[in-house]
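One structure is given below, encoded as structure tokens.
The values are calculated or read from the model by the stated rules, or taken from the named source; none is laboratory data. Nothing here was measured: the structure is a model prediction, and the numbers come from that model. With ideal geometry, Cβ positions are generated from the backbone for all residues, glycine too; neighbour counts draw on all protein chains shown. Heads up: the accessible areas ignore ligands, DNA and RNA and are worked out on the full protein's heavy atoms, side chains in. Shrake-Rupley method; radii C 1.70, N 1.55, O 1.52, S 1.80 Å.
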Amino acid sequence: MSEAVETAKLMDAVYRYQRHFYDFTRKYYLLGRDHLIRQLQPPQNGHVLELGCGTGRNLIAAAKRYPGVRFYGLDISSHMLETASRNIAKAGLSERIILIQGDAADPAATEPLDVPEFDRVFYSYTLSMIPIWREALSAGAERLNKNGRIHVVDFGQQGGLPGWFAKLLFSWLKSFHVTPRADLETELRQLADNTNAELDFRHLYRGYADYAEMRKL
């Protein structure tokens with residue numbers, strides 16, 4: 001069995017029931033998502049891809065903020081996509097947000113969308129759940145157009161917070177198969193160097209979250 005198939009089964013098992021209350025609970029601790037959406041600022045008539053779109057919460061918020069832009073969401077979990085599709089339809093945005101099932105680490109996964117390049121690719125609390133997250137970042141970079149940007153927000157290393165908090169948080173996250181990436185900045189800087197891009201990396205909320213923008217030069 002391939003790693004992608006195993007990951008899909010794992011994510012479906014994790015979110016089979018969680019998806020029904022995911023957005024209500026996650027708004028209290030998935031900090032920085034709205035900051036990322038404000039920073040996207042895609043061009044008019046642009047194309048924006050979220051890798052690991054989950055319930056569609058970010059896509060809906062972004063589509064409302066940028067009415068002249070088309071959005072696309074990819075997720076490996078069929079259960080999450082089912083919920084996302086319902087949420088998007090309820091928001092009246094089905095014509096501007098297109099969903100597809102696939103592996104974020106596979107650059108060919110978005111080919112059925114018939115969008116050769118994207119203006120923005122973003123990851124919101126996704127890389128900490130993808131086993132081959134480095135490959136997912138590289139695949140996102142391959143999908144960018146010549147002026148494109150990657151945006152990332154995810155759990156940080158809690159450097160400015162009490163040690164007991166970090167230990168408790170990491171232990172709790174582990175039960176959901178979530179692993180904050182200690183070398184996220186290093187990996188992004190290497191990717192930026194390899195793709196002729198510049199990186200802006202910062203810690204938010206005393207290190208609770210990490211936020212990054214990678215801009216092609």
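At-a-glance table
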item: Surface share of carbon and sulfur [accessible, 1.4 angstrom probe, percent] for the range 102-217; result: 51 percent
item: For the chain, average projected area of the Cα convex hull in nm²; result: 11.3 nm²
item: Summed side-chain charge close to V153 - residues other than V153 whose Cβ falls under 9 Å, Lys, Arg +1, Asp, Glu -1; result: -1
item: Charged-residue dipole, Cβ positions (Lys, Arg, Asp, Glu), the chain about Cα centre, Debye nearest 20; result: 940 debye
item: Gain in span if fully extended, N45 to A89, counting 0.36 nm per residue against the direct Cα distance; result: 13.7 nm
item: Peptide ranges 62-75, 30-43 listed from the most packed, as the mean C-beta count within 10 angstrom indicates; result: 62-75, 30-43
item: Virtual spin-label span in nm between H203 and E187, 7 Å along Cα→Cβ; result: 1.9 nm
item: Förster radius 35 Å - calculated FRET efficiency between D114 and T179, Cβ distance, rounded to 0.05; result: 0.55
item: The chain, accessible area per residue, ligands and nucleic acids excluded (1.4 Å, Å²); result: 48 Å²
item: Charge dipole (the range 58-214, unit charges on Cβ, about Cα centre) - positive-most of W133, A166, N145; result: A166
item: Beta bridges by DSSP in the chain, antiparallel share as percent, to the nearest 5; result: 45 percent
item: With every protein chain in place, the range 26-78: carbon and sulfur % of accessible area (1.4 Å); result: 47 percent
item: Selection from I76, Y123, G92 lying farthest towards where the dipole of the range 69-142 points positive, charges on Cβ; result: G92
